[in-house]
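Quick notes on the structure that follows.
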Amino acid sequence: MPAPKHKPQAENPALVSREFQGILAQQPDIGAANIILGWFFDRPNIFDPNSRRRPKPEIVILLSYLLLMAAVFAAFNFR
């Protein structure tokens, strides 16, 4: 079997890393901040230019229960 005439060269790792970072920067849903925001907030309406992220109802209910428990705890301890 004849040896290949053209041997592929290894690319520069820094160049590959920069290209990969550029591709990821173009993706709107990639990144730790966007992933964490996705856990707690609903996506804004893409058809409304003035829409903002709103907290998910489950998070609001959980926080209100925790606030209510803290108020009850404080009321019985300061009595």
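No lab work stands behind these numbers, since they all come straight from the coordinates. Note that the structure is predicted; figures quoted are calculated from it, not measured. Neighbour counts are summed over all protein chains in view; Cβ atoms, including those assigned to glycine, are modelled from backbone coordinates with ideal geometry.
Distance between the pseudo-spin-label points of residue 25 and residue 46 (7 Å out from Cα toward the beta carbon): 2.3 nm.
Distance between the pseudo-spin-label points of residue 69 and residue 15 (7 Å out from Cα toward the beta carbon): 5.7 nm. Applying 1/(1 + (r/R0)^6) with r as the Cβ-Cβ distance of residue 77 and residue 54 and R0 = 35 angstrom yields a FRET efficiency of 0.55.
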